[in-house]
Amino acid sequence: MNESRAEAVPDRAAAHDAEAPVTVRVWDVPVRVFHWSLVALVTFSVATAYAGGSWMDWHMRSGCAVLALLAFRIAWGFLGTRHARFASFVRGPAAIARYLGTLGGGAHPASVGHNPLGGLSVLALIAVVLAQVGTGLFANDDILTEGPLAKLVSKAASDRATTVHYWNQWLLFGLVAMHLLAVLVHRVRFGDDLVGPMIAGTKRLPPGCAGEDAGPTPWPRALAVAALAATLAWYVATRV
């Protein structure tokens, strides 16, 4: 009988461990640096654009820095760690519809990285910010400031880019507002903290997600991609 009791204790401990949440690495350092740097630079770009005057020089510099960030993130979407890759979170319409249906039913399926709707939001934000930067490269203010590539196109084309650059900002503001609302809803409605993992890199998940760890950051690859992205932005800003 004593042997049976001794065996039961490890069995209960093993069962408890199997049911306990696990902490996994989700967002690598490059993804987190990209995210918060983009937040800071977009905020700075908006502020300097509305300040105008001599601040427009800083607006241009900030835009080129955003270009470097976007180039890095797009490349990292193919070369990064598990949950940084587009293949891990880009889903088709059917998967997004199923996810929305699950939310509509009151459930909230656990997601390690971006859920299907979050993945769509990431793509939309990258596309809209890229459009903002791209049109800014060719834009002008009809006074003193013009984008570094404005000289490569006609005045009419530059004016069209300026118009798109102006109106696209409102689309960007709308996407940012939706993103912030989604973060709030996840926190309040589902108790899912999306901000903490984007700071610390780790996330508490159900035990079945133990095999979803993203692994360590491949630093040589990350630094090489960052150097190439920065070189691209510098070349566009100064040499084209």
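The values are calculated or read from the model by the stated rules, or taken from the named source; none is laboratory data. It should be emphasised that the depicted structure is a prediction, and the values quoted were computed from it without experimental measurement. Positions of Cβ are backbone-derived with ideal geometry, glycine not excepted, and every protein chain shown enters the neighbour counts. All accessible areas refer to the heavy atoms of the entire protein, side chains included, with ligands and DNA or RNA removed. Shrake-Rupley method; radii C 1.70, N 1.55, O 1.52, S 1.80 Å.
Being at pLDDT 95 or above, open to solvent by less than 30 Å² (accessible area, probe 1.4 Å) and over 25 Å from A233 (Cβ atoms), is that true of even one residue in the range 56-74?
Looking for residues that are at pLDDT 95 or above, open to solvent by less than 30 Å² (accessible area, probe 1.4 Å) and over 25 Å from A233 (Cβ atoms), one finds none in the range 56-74, hence no.
I'm trying to understand the selection: among the residues of the range 18-48, which are within 14 Å of V129 (Cβ to Cβ) and of a type outside the set (V, I, T)?
F34, H35, S37, L38, A40, L41, F44, S45
Out of all the residues in the range 35-51, is one or more modelled with pLDDT under 95 and out of contact with any strand residue (DSSP E or B) (no Cβ under 7 Å at 6 or more places or on another chain)?
no
Kindly indicate the residue of the range 181-202 that is under 16 Å from L103 (Cβ atoms) and within 16 Å of the chain's Cα centre (by Cα) and also most open to solvent (accessible area, probe 1.4 Å) among those meeting that condition.
In this case the residue turns out to be L181.
Would you be able to say whether some residue in the range 152-169 is outside any helix (DSSP H, G or I) and modelled with pLDDT under 95?
no
In the range 90-113, what count of residues is obtained for those that are modelled with pLDDT under 95 and within 14 Å of the chain's Cα centre (by Cα)?
Residues meeting the conditions: 1.
What number of residues within the range 203-240 are within 14 Å of D28 (Cα to Cα), open to solvent by 60 Å² or more (accessible area, probe 1.4 Å) and in a loop (DSSP other than H, G, I, E, B)?
1
Check off (1) within 20 Å of V66 (Cα to Cα); (2) open to solvent by 70 Å² or more (accessible area, probe 1.4 Å) for L149 and give me the number that stays unchecked.
If we test L149 against (1) within 20 Å of V66 (Cα to Cα); (2) open to solvent by 70 Å² or more (accessible area, probe 1.4 Å), just (2) comes out false.
Can you tell me which of G136, G101, G106, G119 is free of Cβ contacts under 8 Å to residues at least 12 places away in the same chain and either farther than 30 Å from R204 by Cβ or not in a loop (DSSP other than H, G, I, E, B) (or both)?
Among G136, G101, G106, G119, only G101 is free of Cβ contacts under 8 Å to residues at least 12 places away in the same chain and either farther than 30 Å from R204 by Cβ or not in a loop (DSSP other than H, G, I, E, B) (or both).
Within the range 200-222, does at least one residue satisfy the condition of being of a type outside the set (A, V, I, L, M), touching a helix residue (DSSP H, G or I) at 6+ places or on another chain (Cβ under 7 Å) and farther than 20 Å from H114 by Cβ?
Yes, because at least one residue in the range 200-222 is of a type outside the set (A, V, I, L, M), touching a helix residue (DSSP H, G or I) at 6+ places or on another chain (Cβ under 7 Å) and farther than 20 Å from H114 by Cβ.
Which of the residues belonging to the range 16-33 are modelled with pLDDT under 85 and open to solvent by less than 50 Å² (accessible area, probe 1.4 Å)?
Matches in the range 16-33: A20 only.
Residue check, M178 against (1) part of a helix (DSSP H, G or I); (2) open to solvent by 30 Å² or more (accessible area, probe 1.4 Å); (3) without any contact (Cβ under 8 Å) to a residue 12 or more places away in the chain, all met but one. Which one?
In the conditions (1) part of a helix (DSSP H, G or I); (2) open to solvent by 30 Å² or more (accessible area, probe 1.4 Å); (3) without any contact (Cβ under 8 Å) to a residue 12 or more places away in the chain, M178 misses (3) alone.
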